[in-house]
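Have a look at this one.
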Amino acid sequence: MSEALCNRIVNKIETVGALPFADFMTMALYEPGLGYYVNGLHKFGHAGDFVTAPEQGSLFAQTLASQFDTLAAELGPDWTLLEIGAGSGVLARDLLMQLRQPPARYLILDRSAALRQVQAEQLEGLPQSLKDRVQWLSAPPQESFSGVILANEVIDALPVSVFELVDAELFERAVSVSEQGFRWTRRAPDKRLAGAVAHLREALPHPLPKNYSSEICLDLPGWMQTVTEPLVRGLALFIDYGYPRTEYYHPQRDSGTLVCHYRHRAHFDPFAWPGLTDISAFVDFSLAAEAGVAAGLELAGFTSQGAFLLALGAHERVTAASGDKERMRLAGELKRLVLPGEMGEKFKVLALSKALEQPVQGLEPGSQLHRL
Ligand SMILES: C[S@@+](CC[C@H](N)C(=O)[O-])C[C@H]1O[C@@H](n2cnc3c(N)ncnc32)[C@H](O)[C@@H]1O
């Protein structure tokens with residue numbers, strides 16, 4: 001699998017020359033039939049490469065469901081839930097089971113046809129009345145809707161460009177091939193990347209060091225516009241690992257945030273085992289927030305996952321659980337989701353809203369809006 005993908009990438013490099021890193025990442029993750037997210041191998045949960053919040057157990061979904069139920073009361077019974085990048089489908093299954101007022105439509109937009117299949121299998125055991133609400137999409141819905149958009153650990157999987165300053169001169173990092181395998185090479189940045197880096201430098205309160213490298217997701221503004229366009233009223237939640245811009249591009253973080261996952265080990269070599277290893281980058285939440293506002297949404301809040309889940313009553317759910325065994329299980333899950341040394345602080349929640357009358361729950365007590 002990895003060899004076939006490597007051959008495909010090598011052919012591409014031999015045809016077009018060194019590949020901008022975003023193109024390499026796109027092939028490594030999404031090359032039809034071979035890329036990490038589309039090759040049908042197991043990725044999620046304890047038997048895969050990484051464990052996301054919904055894969056920890058049902059507490060994440062239970063807590064989100066309480067917020068969505070409040071929103072549903074404002075939106076009315078015809079509300080829609082659009083989940084982007086649903087992975088194994090476990091969050092969709094748990095949300096549908098937990099919501100007191102399930103959405104009239106649960107839309108799943110996923111780039112991976114193989115994962116859409118996995119999700120359908122995951123939802124197989126749901127009651128028919130819930131299953132009937134689920135539809136899979138390979139592009140954002142054409143029709144507008146009132147409801148919720150939810151994307152957990154999706155923005156980190158959008159391909160990023162890598163830029164480098166060498167003695168203050170800007171380069172784009174690209175991928176070429178040698179006898180030893182893939183290797184980094186430098187090329188002049190194209191106009192789009194040069195413009196984005198110039199914009200970034202204007203927006204930062206500090207100068208970038210003369211020798212420095214980091215990433216930038218050039219597609220994020222366009223993606224945000226496209227996926228949120230159908231939302232006429234409601235909330236869009238983006239949960240992911242990331243930083244506000246000033247921290248992301250902190251002078252001391254001088255070699256970027258690319259991170260790969262292979263069988264529960266984080267590593268930093270995106271050229272190791274293409275197709276078998278996940279490649280991701282932290283999210284620049286300032287960029288994501290600006291993109292949301294440019295797309296016509298209001299910035300409702302920005303907080304840590306830990307503060308968000310606690311404000312929505314995750315702890316009370318644990319103490320209210322019936323039976324010691326269940327309480328212990330949920331307590332373990334709560335720790336992993338909210339403790340600062342686990343997922344609680346590294347993961348952030350960006351909330352964008354449109355035409356809502358009630359304030360969105362869960363965002364205030366630990367608001368980090370001022371940091372964006
Ligand atoms: C890291 S997984 C997260 C899965 C799940 N949300 C979870 O938390 O377990 C990323 C998911 O996003 C999907 N994805 C990546 N890029 C996407 C895009 N541009 N549009 C829709 N889905 C995308 C992948 O196929 C995969 O299902």
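Give me the extension gain from V10 to L126: residue separation times 0.36 nm, minus the current Cα-Cα distance, reported in nm with one decimal. List each step's numbers first, then the result.
Numbers: separation 116, 0.36 × 116 = 41.76 nm, distance 4.39 nm.
So the extension gain works out to 37.4 nm.
Using 7 Å Cα-to-Cβ label points, what is the L41/A355 separation (nm, one decimal)?
Computed distance between label sites L41 and A355 equals 4.6 nm.
Still on this model: Step through the residues of segment 241-251 one at a time and calculate ³J(HN,Hα) from phi using the Karplus curve (6.51 cos²θ - 1.76 cosθ + 1.60, θ = phi - 60°), rounding each to whole Hz and writing x for Gly and Pro.
With the stated coefficients, segment 241-251 comes to 7, x, 9, x, 3, 4, 7, 4, 9, 5, x Hz.
Follow-up. Residue farthest toward the positive end of the dipole of the chain, with Cβ of Lys/Arg at +1 and Asp/Glu at -1: which of A28, V318, G87?
Of the listed residues, the answer is V318.
Sticking with this structure for a sec: Sort all Cα-Cα distances of the chain into consecutive 10 angstrom bins from zero, then give the percent of pairs in each bin up to the one containing the longest distance.
5, 23, 33, 26, 11, 2, 0
Could I ask something else about it? Whenever you get a sec, compute what percent of the accessible area on segment 242-372 sits on carbon and sulfur atoms (1.4 Å probe). It would help to have the intermediate numbers written out before the result.
Details: 3250 of 6150 Å².
Heavy-atom surface of segment 242-372 belonging to carbon and sulfur, 1.4 Å probe: 53 percent.
Using a 1.4 angstrom probe on the protein heavy atoms only, could you order E215, E229, E247, E202 from most to least accessible area? Before the final figure, lay out the partial values.
Values: E215 5, E229 120, E247 55, E202 150 Å².
Of E215, E229, E247, E202, the descending order of accessible area is E202, E229, E247, E215.
Among the listed pairs K12/K43; K210/K335; K12/K346; K43/K348; K43/K325, which have their C-alpha atoms separated by more than 30 angstrom in this model?
Exceeds cut-off: K210/K335; K12/K346.
Report, to the nearest whole %, how much of the accessible area of segment 157-231 belongs to carbon and sulfur atoms, 1.4 Å probe, protein only. Please report the intermediate quantities before stating the final value.
Values: 1840 of 3710 Å².
Carbon-and-sulfur percentage of accessible area, whole number: 50.
Could you point to the residue in L309, V360, L334 farthest towards the positive end of segment 294-372's charge dipole, with +1 and -1 charges on the Cβ of Lys/Arg and Asp/Glu respectively?
The listed residue farthest towards the positive side: L334.
Provide Rg and Dmax in Å for segment 1-71, with only Cα atoms included in the calculation.
Every Cα atom of segment 1-71 included, Rg and Dmax give 18.0, 55 Å.
Given the C-alpha atoms of segment 159-272, compute the convex hull and give its volume per residue in Å³.
Values: hull volume 17.8 nm³, N = 114.
So the per-residue Cα hull volume is 156 Å³.
Per residue, how large is the accessible surface of segment 1-125? Use a 1.4 angstrom probe and give square angstrom.
Working: 4590 Å² over 125 residues.
Result: 37 Å² of accessible area for each residue.
For segment 84-143, what does the relative contact order come out to in percent, with C-alpha contacts under 8 Å and a separation of six or more?
With pairs under 8 Å counted, the relative contact order is 44 percent.
Grab the other residues whose beta carbon is less than 13 angstrom from that of K131, score K and R as +1, D and E as -1, and report the net.
Numbers: positive: R93, R105, R133; negative: E121, E124, D132.
Computed value for this residue: 0.
Is the C-alpha gyration tensor of segment 99-151 telling us rounded, prolate or oblate? Criteria: a/c under 1.5 is rounded; beyond that, a/b larger than b/c is prolate, otherwise oblate.
On the way: a/c = 2.00, a/b = 1.01, b/c = 1.98.
Oblate shape, in that a/c is at least 1.5 and b/c is the bigger or equal ratio.
For the chain, give the magnitude of the charge dipole about the Cα centre (Cβ charges: +1 Lys/Arg, -1 Asp/Glu; no others), in debye to the nearest 20.
Working: 33 positive and 44 negative charges, 58 e Å.
The calculated dipole for the chain is roughly 280 debye.
For Cα pairs less than 8 Å apart in space and 6+ apart in sequence, what is the mean separation divided by the residue count of the chain, i.e. the relative contact order in percent? Don't jump to the answer; show the numbers that get you there.
Numbers: 731 pairs, mean separation 69.7, N = 372.
After rounding, I find 19 percent.
Something else about it: Can you tell me how segment 246-372 classifies by the Cα gyration tensor, rounded, prolate or oblate, using a/c under 1.5 as the rounded cut?
oblate
Where does each of K210, K325, K348, K354 land when they are ordered by accessible area, with a 1.4 Å probe and the largest first? Can you show the working numbers first?
On the way: K210 140, K325 175, K348 10, K354 55 Å².
The ordering from most to least exposed comes out as K325, K210, K354, K348.
Given the options M97, M328, M224, state which has the largest fluctuation in a GNM of the chain using a 10 Å cut-off (strictly under) for Cα springs.
So, out of M97, M328, M224, the one fluctuating most is M328.
Compute, for segment 152-292, the length of the dipole vector about the Cα centre, with Cβ point charges of +1 (Lys, Arg) and -1 (Asp, Glu) only. Units Debye, rounded to 20.
Working: 13 positive and 19 negative charges, 21 e Å.
Dipole magnitude for segment 152-292 comes out near 100 debye.
Please identify, among Q101, Q142, Q67, the residue showing maximal mean-square fluctuation in a Gaussian network model of the chain using a 10 angstrom Cα cutoff.
Per the Cα network of the chain with a 10 Å cutoff, Q142 tops the list.
For the chain, give me the percentage of DSSP beta bridges that are antiparallel, rounded to the nearest 5 percent. The partial results should precede the final answer.
Values: 39 of 65 bridges.
Taking every DSSP beta bridge with both residues in the chain, the antiparallel ones total about 60 percent.
Still on this structure: For segment 249-326 and segment 346-369, what is the separation of their Cα centres, given in Å?
15 Å
Show me, for segment 344-361, the HN-Hα J-couplings you get by feeding each phi into the Karplus relation (A = 6.51, B = -1.76, C = 1.60, θ = phi - 60°), rounded to Hz, glycine and proline as x.
Using θ = phi - 60°, the values come out as x, 9, 5, 8, 10, 10, 9, 10, 10, 10, 9, 6, 8, 8, 8, x, 7, 6 Hz.
Compute the Rg to Rh ratio over segment 35-172 from the alpha carbon atoms, using the Kirkwood formula for Rh, and round to two decimal places.
Details: Rg = 17.3 Å, Rh = 16.3 Å.
Using Cα coordinates only, the ratio equals 1.06.
If you roll a 1.4 Å probe over the heavy atoms of the protein chains, what accessible area per residue do you get for segment 128-281, in Å²?
46 Å²
Measure nothing fancy, just the Cα-based angle from helix 191-203's long axis to the longest principal axis of the chain, in degrees from 0 to 90, nearest 10.
With both axes taken from Cα atoms, the answer is about 60 degrees.
Here's a follow-up. Of A139, A281, A114, which is the most mobile in a GNM of the chain whose springs link Cα atoms less than 10 angstrom apart?
Of A139, A281, A114, the most mobile in the Gaussian network model is A139.
The values are calculated or read from the model by the stated rules, or taken from the named source; none is laboratory data. Please read these numbers as outputs of a predicted model, since none were measured by experiment. FYI the Cβ positions are ideal-geometry reconstructions off the backbone, even for glycines, and counts take in every protein chain you see. For accessibility, only protein heavy atoms count, side chains too; no ligands or nucleic acids. Shrake-Rupley method; radii C 1.70, N 1.55, O 1.52, S 1.80 Å.
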